Amino acid sequence: MADPAAALATQLRNIEARTGKTLTQMRRMIQGSGLVKHGEIRAWLMEQLSLGYGDANTVLNLAKQAETSGADDPLDLIYTGAKAPLRALHEQITALVDAFGPYEKAPKKSTVSLRRKKQFALLGPATQTQLEVGLNHKNLPAHPRLKVMPAGGMCQYTVRLSSAAEIDADLQGWLRAAYDAAA
């Protein structure tokens with residue numbers, strides 16, 4: 001069975017690519033329209049952004065969710081409270097991966113999946129003081145920092161980080177190997 005969250009993430013990426021606007025920009029457009037009723041806003045989105053009925057409805061529902069939750073950025077929901085300081089580590093790792101080339105970020109409830117043709121890494125808080133990096137690669141060399149995960153999971157290894165100093169050449173190499181293997 002297909003993953004509904006992944007399907008929604010793909011739909012949103014396609015909408016953003018077609019319109020050239022992020023969800024945040026579309027939400028601000030909706031707010032600035034002065035419209036209130038769901039059907040009126042949906043029709044307005046269809047006209048303004050040349051969206052189909054389903055895409056306009058999805059944008060509207062996601063915009064309402066973001067407004068209700070008070071978050072434009074999925075990371076705002078993941079890194080809250082005591083876990084908020086871990087966001088800086090998350091952003092440093094994604095900046096490192098950004099240098100590798102194109103990939104997609106698929107936010108989940110408590111993690112963000114980094115994907116090419118398949119997931120190559122998974123980022124999210126493990127504890128209030130540690131960020132966990134899941135690595136999807138079958139043959140990384142043994143290392144004391146790498147925790148081998150049970151067979152059948154989405155990631156074969158995990159690494160936990162507490163500080164930026166742990167974002168080193170080893171971690172960069174593991175991420176690069178996983179990135180390359182996901183092509």
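Residue-wise HN-Hα couplings along the range 174-183, as the Karplus relation 6.51 cos²θ - 1.76 cosθ + 1.60 with θ = phi - 60° gives them from phi, are 5, 5, 5, 4, 5, 4, 4, 5, 8, 5 Hz; Gly and Pro carry x.
The mean sequence separation of alpha-carbon pairs under 8 Å and at least six residues apart, normalised by the residue count of the range 53-142, gives a relative contact order of 20 percent. Local charge for ALA56 was computed over the other residues whose Cβ lies under 14 Å away, with Lys and Arg +1 and Asp and Glu -1, and equals +2. When the charge dipole of the range 1-56 is built from unit charges on Cβ atoms (+1 for Lys and Arg, -1 for Asp and Glu) and taken about the Cα centre, the candidate among TYR53, GLN31, ALA7 whose Cα reaches farthest toward its positive end is GLN31. Each Cα pair under 8 Å and six or more residues apart adds its sequence gap; the mean of these over the residue count of the range 4-71 is a relative contact order of 33 percent. Between the helical axis of 53-69 and the longest alpha-carbon principal axis of the chain there is an angle of about 70 degrees.
Compared with the dominant principal axis of the Cα atoms in the chain, helix 23-33 is inclined by about 20°. Any idea what angle helix 38-49 forms with the longest principal axis of the chain, computed on alpha-carbon atoms, 0 to 90 degrees, nearest 10? Computed tilt is about 80 degrees. The helix-only estimate of mean residue ellipticity at 222 nm for the chain, built from DSSP H runs of length n ≥ 4 each weighted as -39500 (n - 2.57), is -15000 deg cm²/dmol after division by the residue total.
As a rough guide to protection, the peptides 158-166, 95-103 ranked by mean Cβ packing within 10 Å, highest first, stand as 158-166, 95-103.
Each peptide among 75-84, 127-136 gets the average number of other Cβ atoms lying within 10 Å of its residues, and from highest to lowest they stand as 127-136, 75-84. With the dipole of the chain worked out from charges on the C-beta (+1 for Lys and Arg, -1 for Asp and Glu) around the Cα centre, which of TYR79, LEU175, ILE93 lies farthest toward the positive end? My answer, from the dipole projection, is LEU175.
About the centre of its Cα atoms, the chain shows a dipole size close to 340 debye [charges on the beta carbon of Lys, Arg (+1) and Asp, Glu (-1) only; nearest 20 debye]. Using only side-chain charges placed at the Cβ, +1 for Lys and Arg and -1 for Asp and Glu, the dipole size of the range 77-181 relative to its Cα centre rounds to 420 debye.
When the Cα convex hull of the range 77-181 is projected onto planes of every orientation, the mean area is 6.3 nm².
Here, each number is a calculation from the coordinates, and none is a lab measurement. Since the model is a prediction, treat every value here as computed from it, not as a measurement. Cβ: placed from backbone, ideal geometry, glycine included. Neighbour counts: every protein chain shown.
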